[in-house]
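Asks: Please see the structure below; I have some questions.
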Number of protein chains: 2
Amino acid sequence: MNIGIASEKSGLPSNTIRYYEDIGLLSPARTDNGYRDYSMADVHRLRFLQRSRSLGFSVDECRELLSLYHDKERESADVKAIAQARLIEIDRKIAELVGLRGLLHHLVEHCHGDERPDCPIIDELAGDGMVQ
Amino acid sequence: MNIGIASEKSGLPSNTIRYYEDIGLLSPARTDNGYRDYSMADVHRLRFLQRSRSLGFSVDECRELLSLYHDKERESADVKAIAQARLIEIDRKIAELVGLRGLLHHLVEHCHGDERPDCPIIDELAGDGMVQ
DNA sequence: GTTGACCTTCCATCAACCGGAAGCCTTAAC
DNA sequence: GTTAAGGCTTCCGGTTGATGGAAGGTCAAC
């Protein structure tokens, strides 16, 4: 099938699919006219990629997960390790954002937000604020 | 003062300071030998940028905040609007990550993580998992 | 005079694509 | 028969916010 159909079936834009081929994540057949020709296995692979990416795995992690997926000798511990690393990363990011949110919320709360120039947010950014 | 000192005083790497100049966020004087020559006002500006960036404002938002900072006629409402937009964005991002975390945590919990190939994480990515 | 630290500009690279240009292929309508 | 539309191809530049390196100029110390 052509790339447009593979795009529909996988939920990935054509450009992204070509990009994934570029970086070696799949290599579909070609028809006589030079068009990429996707099999159901290719589409399955693309959906695997789409799901992995949407869970926030990096492209390199996806590459690794794909190879584990096709490795019948794999140990589930290897897969779990990748997922756990991702989980730790997510927790770190959440903690960072929650901290930021606290600071910013505090500033926003204390800014009257009217036509006067006086503003604690700007004061904070300028270094003579109340936070710390 | 030279860029190295400005870097120390602002907490920004020299390369980043040059980059900020490139994109028009500041324009320090030059000495006869062509070296950048930073005033205390420049350093203040750099610290403003460092603080804004560390609160997660984009470079363009920083540009806007800087111009509001120097605008004595500014309305605090304008500053507040930028900060609130950033806050909404942070909340959106946190919600997204918390959702992801839930999914991933669920999968990790159900993976025994030993030497056997059987793995619900891979099953999920392959499309025959338990989530949904 | 030479070593070493610092400075300059310019360029390449990173992630993970996105969008556009120029051109070929196929099909259907007129 | 041709022409228009839509889909496909490759290639290239842009995005964000820097970061690191090469090649070379400057300056102070020894």
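The values are calculated or read from the model by the stated rules, or taken from the named source; none is laboratory data. Note that the coordinates shown come from a computational prediction; the quantities given were computed from them, not determined experimentally. Cβ sites come from the backbone with ideal geometry, for glycine too, and all protein chains shown count toward neighbours. Just so you know, the surface numbers come from the protein's heavy atoms only, side chains and all, with ligands and any DNA or RNA stripped out. Shrake-Rupley method; radii C 1.70, N 1.55, O 1.52, S 1.80 Å.
Asks: Based on alpha-carbon positions alone, could you give the equivalent ellipsoid semi-axes of the protein assembly as shown from the gyration tensor, as √(5λ), descending, whole Å?
Replies: 47, 24, 19
Asks: Report, for A:Ser58, each distance to the same residue's label point in the other copies, shortest first and in nm; define the point 7 Å along Cα→Cβ.
Replies: 2.4
Asks: What total accessible surface area, summed over both chains, is buried at the interface between chains B and A, computed with a 1.4 Å probe and given in Å² to the nearest 100?
Replies: Working: alone 9240 and 9250 Å², together 14080 Å².
Between B and A, the summed buried area is about 4400 Å².
Asks: Can you work out the FRET efficiency for the pair B:Ile23 and A:Arg92, with r the C-beta to C-beta distance and R0 = 22 Å, to the nearest 0.05?
Replies: 0.15
Asks: Compare B:Asp22, A:Asp114 by solvent-accessible area with a 1.4 Å probe and give them largest first, with all protein chains kept in place.
Replies: From most accessible down to least: B:Asp22, A:Asp114.
Asks: Which whole-number percent is the relative contact order of chain B (Cα, under 8 Å, 6+ apart)?
Replies: Once divided by the residue count of chain B, the mean separation gives 14 percent.
Asks: Which value, in nm² and rounded to one decimal, describes the direction-averaged projected area of the C-alpha convex hull of segment B:86-127?
Replies: The directionally averaged projection comes out at 3.6 nm².
Asks: Continuing with this model, one more query. Provide, in order from the shortest bin, the percent of all Cα-Cα pairs of segment B:1-74 in each 5 Å bin, continuing until the bin that contains the maximum pair distance.
Replies: In whole percents, the pair-distance histogram is 3, 16, 28, 26, 16, 7, 3, 0.
Asks: Take the alpha carbon atoms of segment B:1-79, find their center, do the same for segment A:43-117, and report the distance between the two centers in whole angstrom.
Replies: Distance between centres, Cα-based: 31 Å.
Asks: What does the structure give for B:44-55 when I average, per residue, the other chain Cβ atoms found within 10 Å of the residue Cβ?
Replies: Mean partner-chain Cβ count within 10 Å for B:44-55: 3.
Asks: Ok, one more. Using a label point 7 Å beyond Cα on the Cα-Cβ vector, give me the inter-copy distances for B:Val98 in nanometres, one decimal, shortest first.
Replies: 0.9
Asks: Please identify, among B:Ile88, B:Ile17, B:Ile121, the residue showing maximal mean-square fluctuation in a Gaussian network model of chain B using a 10 angstrom Cα cutoff.
Replies: Of B:Ile88, B:Ile17, B:Ile121, the most mobile in the Gaussian network model is B:Ile121.
Asks: What's the carbon and sulfur percent of chain B's accessible surface, probe 1.4 angstrom, rounded to a whole number?
Replies: Of the solvent-accessible surface of chain B, carbon and sulfur hold 49 percent.
Asks: Name the most mobile residue of A:Gly113, A:Gly11, A:Gly56, meaning the one with the largest mean-square fluctuation, in a Gaussian network model of chain A with Cα contacts below 10 Å.
Replies: A:Gly113
Asks: Further, regarding this structure: Where in segment B:83-132 does accessible area fall by at least 50 Å² between the isolated chain and the complete protein assembly, at a 1.4 Å probe radius?
Replies: B:Leu87, B:Ile90, B:Ile94, B:Leu97, B:Leu100, B:Arg101, B:Leu104, B:Val108, B:Pro117, B:Ile122, B:Leu125, B:Ala126
Asks: Which value, in nm² and rounded to one decimal, describes the direction-averaged projected area of the C-alpha convex hull of segment A:63-106?
Replies: The number I arrive at for segment A:63-106 is 3.5 nm².
Asks: Something else about it: Largest first and to the nearest Å, give the Cα extent of chain A along each principal axis.
Replies: 69, 40, 20
Asks: Can you give the accessible area per residue of the protein assembly as shown, in Å², using a 1.4 Å probe?
Replies: Here the per-residue accessible area is 53 Å².
Asks: Among B:Ala41, B:Thr16, B:Leu26, whose Cα lies farthest out toward the positive end of the dipole of chain B, if unit charges sit on the beta carbon of Lys, Arg (+1) and Asp, Glu (-1)?
Replies: So the residue furthest toward the plus end is B:Ala41.
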